[in-house]
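Everything on this sheet refers to the single structure shown next.
The values are calculated or read from the model by the stated rules, or taken from the named source; none is laboratory data. In this text, all values refer to a predicted model and were calculated from it rather than measured experimentally. As a convention, Cβ positions derive from the backbone with ideal geometry for all residues, glycine included, and neighbour counts pool all protein chains shown.
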Amino acid sequence: VAADVKTASVSPGLLPFPLPSDYGVYAVNNAKLSELYLLPEQVPDKRVALSTPISQPSRTTLPDGKARFVVFRRDLAGSAPDRIEVRVVARVVRALTFDAKGKASFLPVSDAWNIRNLSYEFRVRPLPGNPEMLMVQPENTDFVLPAGRYVLALKNQGYDFTVAGKVTDRSQCLERTDA
């Protein structure tokens, strides 16, 4: 769902998309901005395999995985990172449970996701004439994120989005064991 985003005026021909006028993190897809929303949970260190469970669905859906991002934050003007990770948020599809006699069974799970330690690295560069704005994009211009849910991880904060389409990447699915 594309958010109704206020945009600042830009000189024609300078950039192929509008610049935001409000602070935030935005996905750029098909020359449109979509605001990414902050998850209440922190993104765990990459050495931790899974985050705490996330129960709410993503509020931003991109039509395809050809996304770039504009980060507009005051705190990054003097301390921008060289790279930013886009982490996989996997859906928990079923849970392995055991009854009192130890018999195993699988139960479906709905509305449960976990941030994984699997990620894609994106390069960071400043936008000309806008020291508080950063462009985050894949190093390879042909790269496309597979369908699924992700977070743009920025200083332990996760900005949530989903890439539309049929999920076929195994990293997007998890099984939980309730012991």
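Considering only the range 103-179, give the strands (runs of 3 or more DSSP E) lying wholly within it that have at least 1 residues that are at pLDDT 90 or above and acidic (Asp, Glu). Correct list: 113-127, 157-163. Residues of the range 46-82 being loosely packed, with under 14 Cβ neighbours inside 10 Å and within 18 Å of Ser21 (Cα to Cα), which ones? The answer is Arg74, Asp75, Ala77.
For the range 30-39, the condition holds for at least one residue, the condition being that it is under 25 Å from Phe143 (Cβ atoms), modelled with pLDDT of 85 or more and exposed (fewer than 12 other Cβ atoms within 10 Å of the Cβ). Residues of the range 49-63 that are farther than 15 Å from Leu36 by Cα and at pLDDT 85 or above: Ile54, Ser55.
Can you confirm whether Pro108 is in contact (Cβ under 8 Å) with a residue 12 or more places away in the chain and over 24 Å from Gln42 (Cβ atoms)? It is true that Pro108 is in contact (Cβ under 8 Å) with a residue 12 or more places away in the chain and over 24 Å from Gln42 (Cβ atoms).
For the condition exposed (fewer than 15 other Cβ atoms within 10 Å of the Cβ) and touching a residue at least 24 places away in the same chain (Cβ under 8 Å), Asp178 qualifies.
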